[in-house]
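Just so you know, all these numbers are worked out from the coordinates, no wet-lab data involved. Bear in mind that the values here come from a model prediction, so they are computed numbers and not experimental data. We place every Cβ from the backbone using ideal geometry, glycine too, and count neighbours over all the protein chains shown.
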């Protein structure tokens, strides 16, 4: 009886320490401290779009995009540019006008994925850039926003273009 009471006294007096350690551990996991920092990562920003198999090659970007939206989508363009966004378009400065992209681009049915390979945006600018003009060098790491410009099919017709802003971390491959 005394031994069991000693164990309970020990647990109750140290339980706050165990709870604090568990909370700190959960926060560290949430911050991504235990994730490897050298791999290519892609977060689409939109919970209904998932991107994976990311590879950035000089001025090309390759990734697989999964559509978890209830309707089919058409990908109009991809941009990765670390300049601040234009508040009205949610895109970096100088991005093209996507108002006519409704049914163009790669179509992805609901619940399906598609491999996207592109070498420049509609204006011929490189995809991943820090200043909007200069392509990244081989071996340089890009850590910044990924803009997925798409339109969603609703009642048989594609709607207005939308922007999903995610984040990628990628090292430019030769």
Gain in span if fully extended, residue 2 to residue 110, counting 0.36 nm per residue against the direct Cα distance: 32.5 nm
Inter-label distance for residue 143 and residue 31, nm, one decimal - labels placed 7 Å from Cα along Cα-to-Cβ: 1.4
Residue 83/residue 48 FRET efficiency (R0 22 Å; Cβ-Cβ; nearest 0.05): 0.25
Nitroxide proxy distance, nm - points 7 Å out along Cα→Cβ at residue 9 and residue 134: 6.9
Residues in region 137-169 that a label on residue 57 would reach, taking backbone N under 17 Å of a point 7 Å out along Cα→Cβ: 137-140
